[in-house]
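Below is one structure; the comments refer to it alone.
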Amino acid sequence: MQVMNAGCDAHVTEERVMGIEDPQYALRHPEFRKNEFYREAKYQKVVESVRRSGPNQKILNVGCSSGELNNLLAREGHRVTGIDILPEAVRQARASASQENLDRIIILQEDLLTFRPVEPFDAVVATDVIEHMPDDALVLAKMAGYLNPGGRLLLTVPALPALFGYHDVEAGHFRRYSKRDLQKKLDRFFKEVALRWIGFSLIPVCFWYSKVLRKTYPYEKVTKKTFLSKVARNVISFEQKMPVPLGISLFAEARKK
């Protein structure tokens with residue numbers, strides 16, 4: 001594994017480059033990221049999509065955080081470059097890859113908007129990233145520019161604008177996406193766009209905590225091996241195998257024009 005530090009331009013604040021959770025919480029408690037079943041479900045969608053496209057791909061993971069998805073993709077035999085603006089995220093991603101002796105991962109401390117790769121990628125992955133950016137169209141254009149001709153974008157975003165609430169403000173989200181809005185934005189730079197809902201069963205949980213209670217999601221509870229967390233994990237796993245009519249996230253697959 002290689003680790004490099006590149007100067008970061010202050011286009012985004014540290015709080016706006018992480019995933020759906022409180023960024024400082026996630027980095028203080030990396031075990032949360034390893035055990036949180038909903039994040040695992042999204043990562044699995046990415047891994048399965050990449051697997052269908054063939055072996056030995058060169059992949060850029062934008063906002064790689066503590067590196068769990070880097071590792072999953074590297075274990076599949078792909079060459080992974082993970083970038084994150086947070087020094088602590090880079091440190092944790094490096095440690096995680098080193099513990100597993102994964103030598104097909106390069107980790108860079110980089111700002112997405114100023115990143116200059118040596119060569120383009122076969123796929124760009126961004127799980128819960130673009131909602132943190134004031135100008136998501138600019139971010140999508142940048143990602144398209146990082147791809148080989150016909151390269152693929154795989155991303156997840158928080159969905160259903162009506163659910164925008166305490167959690168989104170806490171996490172530094174500028175928006176949640178409707179299916180129509182995400183489709184329209186992707187169509188500007190990509191073709192063969194396919195969207196799928198994730199997390200149908202979690203809509204009541206999101207609404208209750210973020211809109212009604214206005215409290216942080218109970219991360220500690222869902223990472224513990226309790227009967228309730230086991231049921232929730234099984235429900236999400238079942239949902240992965242069938243189309244659902246709505247969800248708290250959208251998973252997008254698209255190809256560069």
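The values are calculated or read from the model by the stated rules, or taken from the named source; none is laboratory data. Keep in mind that what you see is a predicted model, and the values were worked out from it rather than measured. Cβ placement follows ideal geometry from the backbone for every residue including glycine, while neighbour counts extend to all protein chains displayed.
List of remarks:
- All positions within region 63-91 that are acidic (Asp, Glu) and either closer than 23 Å to ILE130 by Cα or under 14 Å from the mean Cα position of the chain (by Cα) (or both): GLU68, ASP84, GLU88
- Every pair of residues 6+ apart whose Cβ atoms lie under 7 Å, when the first sits in region 146-160 and is at negative phi while the second is basic (Lys, Arg): LEU147/LYS256; PRO149/LYS256; GLY151/LYS256; ARG152/ARG255; THR156/LYS42; PRO158/ARG176; ALA159/ARG176
- Output for region 47-61, where each listed residue is surrounded by fewer than 24 Cβ atoms within 10 Å (Cβ to Cβ) and outside any helix (DSSP H, G or I): SER53, GLY54, PRO55, ASN56, GLN57, LYS58
- Residues of region 71-86 classified as buried (at least 24 other Cβ atoms within 10 Å of the Cβ) and among the acidic types (Asp, Glu), total: 1
- Positions within region 151-173 being modelled with pLDDT of 95 or more and either in a loop (DSSP other than H, G, I, E, B) or surrounded by fewer than 21 Cβ atoms within 10 Å (Cβ to Cβ) (or both), in sequence order: LEU160, PRO161, ALA162, LEU163, PHE164, GLY165
- Candidates PHE200, PHE164, PHE190: the one that is closer than 25 Å to ALA144 by Cα, touching a residue at least 12 places away in the same chain (Cβ under 8 Å) and not charged (D, E, K, R) is PHE190.
- Condition check for ALA89: of a type in the set (A, V, I, L, M, F, W, C), crowded, with 24+ Cβ neighbours inside 10 Å and modelled with pLDDT of 95 or more: no
- Number of positions in region 186-240 that are assigned to a loop (DSSP other than H, G, I, E, B) and either at pLDDT below 80 or surrounded by 12 or more Cβ atoms within 10 Å (Cβ to Cβ) (or both): 11
- Of all residues making up region 109-131, the number that are crowded, with 19+ Cβ neighbours inside 10 Å and either in a helix (DSSP H, G or I) or among the hydroxyl-bearing types (Ser, Thr, Tyr) (or both): 4
- Region 92-103 - residue that is in contact (Cβ under 8 Å) with a residue 60 or more places away in the chain and under 20 Å from the mean Cα position of the chain (by Cα) and, of those, surrounded by the fewest Cβ atoms within 10 Å (Cβ to Cβ): ARG94
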